[in-house]
Amino acid sequence: MDRAKIVLFAYSEVGCLCLEELIKEGANVAAVFTHNDDPGEEIWFRSVRAIAEKSGIPVHTPQKLGTQETDYLRSLKPELILSCYYRALIPKAVLDMPRLGAYNIHGALLPKYRGRACVNWAVLNGEKETGATLHVMTERADRGDIVDQERVPIEFTDTAYDVFMKVAEAARLILARRLPELEAGTAPRHPQDEAEATYFGRRRPEDGEIDWDKSAVEIYNLIRAVTHPFPGAFTELAGKKYYIWKARPLEGSAAPSKIVSDNPPVVGTGCGLLEILRLQPEGGEEGETFQ
């Protein structure tokens, strides 16, 4: 029997792993829609485009999904649409095309952490676990019925990058587990509990500014949530702007932002002390001490 015709919308490492899983399983991927990399963004993940082209799958990288793209998709007659970390809104006219439905993989345990930068937010908030969710796509982002979820732990020493890679693997596992049911139109669906829903928005580089009145643990969580490959946490210390890429909370007390030790750098917070392990002055090299 012929496999269901799939159109995949994908980007980032989640998109790469899911595309590789579809290829490995011999799925009928008729086309891939992805993004051209932003030259102003640090690209730390592999290329969906390269993986698709290597397998001879047609690739499209429109800036937005307009009338031309919608007409093209209609001509393909997709039976199943999958979205894996695609960054653009997919119009309802496209979502309504496939007879088997349109599904998205979200990098959190819905209904919690709807929205953007969900892995970074989970680490920043000190969560102990997160995961990936496969859900039905609707006009309202992250609101559709849940098909499956895979949980992953967040260790106290994990950075957002560490957690993101766990979530990417969780996404691949879900797709591998549910692909036969998606192709057959028999995947289970469970409504989200709106009473449990939380939403978090986009994060910007300026959101990495450290508030020393917060506790050492809260500041530590911010640092590990936005450290490499993300824009980083920053502050002004000793009259100069610094990026703090790695730190750890310590017991003790001192006035917020007071430097109590230079080697290693230790700074007071609203509760506890913060030992700075990787520091970089603005415009300088990353090192371990004040410069």
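Observations on the model:
- When shorter helices are ignored and each DSSP H run of at least 4 residues is given -39500 (n - 2.57), the per-residue value for the chain at 222 nm works out to -8000 deg cm²/dmol.
- Qualifying lysines (Cα of each under 22 Å from Cα of residue 112; at least 8 residues distant if same chain): 128, 166
- Stretching residue 138 away from residue 286 to a fully extended chain increases their span by 48.9 nm, per 0.36 nm per residue minus the current alpha-carbon distance.
- The chain - accessible surface per residue (Å², probe 1.4 Å): 49 Å²
- Evaluated at q = 0.24 Å⁻¹: base-10 log I(q)/I(0), Debye formula over Cα of segment 17-82: -1.18
- Extension gain for the segment residue 46 to residue 241, taken as residue separation times 0.36 nm less the Cα-Cα distance, is 67.0 nm to one decimal.
- Mean separation of Cα contacts under 8 Å, 6 or more apart, over the residue count of segment 19-145: relative contact order %: 18 percent
- All Cα-Cα separations within segment 1-146 were binned at 5 Å from zero, giving a P(r) of 2, 9, 19, 22, 21, 16, 8, 3, 1, 0, each value a whole percent of the pairs.
- Whether segment 192-242 is rounded, prolate or oblate, judged on the alpha carbon gyration tensor where a/c under 1.5 counts as rounded: prolate
- Folded to 0 to 90 degrees: helix 12-24 orientation relative to the chain principal axis, Cα: 40 degrees
- Highest mean first, the peptides 271-278, 12-19 sorted by other C-beta atoms within 10 Å per residue fall in the order 12-19, 271-278.
- Computed from Cα atoms, the angle from the helix 67-76 axis to the main principal axis of the chain rounds to 50 degrees.
- Counting only protein chain heavy atoms and rolling a 1.4 Å probe, the accessible areas of 190, 35, 228 rank, largest first, as 190, 228, 35.
- In this rough spin-label picture, where each label sits 7 Å from Cα along the Cβ direction, the residue 193-residue 38 distance is 3.5 nm.
- In terms of overall dimensions, the chain has a Cα radius of gyration and Dmax of 21.6, 71 angstrom.
- Stokes-Einstein D in µm²/s, Kirkwood radius over Cα pairs - segment 80-214 at 10 °C with 1.306 mPa s viscosity: 101 µm²/s
- Contact order, relative form, for the chain: 14 percent (alpha carbon pairs under 8 Å, 6 or more residues apart, mean separation divided by residue count).
- Label point at residue 253 placed 7 Å out along Cα→Cβ; residues across segment 263-285 whose backbone nitrogen lies under 17 Å: 267-274
- Left without a cysteine partner by the 4.7 Å Cβ rule in the chain: 16, 118, 271.
- Distance between the C-alpha centres of segment 43-63 and segment 85-111: 19 Å, rounded to the whole angstrom.
- Volume of the convex hull of segment 150-291 (Cα atoms only), normalised per residue: 145 Å³.
- Protection proxy ranking for 169-177, 248-256, 191-199, using the average of other Cβ atoms within 10 Å per residue and placing the highest first: 169-177, 248-256, 191-199.
- Fully extending the segment from residue 204 to residue 129 would add 24.7 nm, taking 0.36 nm per residue of separation and subtracting the current Cα-Cα distance.
- Using a simple spin-label model with pseudo-atoms 7 Å out from Cα toward Cβ, residue 176 and residue 74 lie 3.9 nm apart.
- Selection of chymotrypsin sites (Phe, Trp or Tyr not before Pro), segment 25-89, meeting DSSP coil and at most 12 other Cβ within 10 Å: 44
- Calculated FRET efficiency, residue 157 to residue 64, Cβ-Cβ distance, R0 = 45 Å: about 0.70 to the nearest 0.05.
The values are calculated or read from the model by the stated rules, or taken from the named source; none is laboratory data. This structure is a prediction, so every number in the text was calculated from the model and none was measured. Counting neighbours? That spans all protein chains shown, and the Cβs are built from the backbone with ideal geometry, glycine included. Protein only, heavy atoms only, side chains kept; ligands, DNA and RNA dropped before computing areas. Shrake-Rupley method; radii C 1.70, N 1.55, O 1.52, S 1.80 Å.
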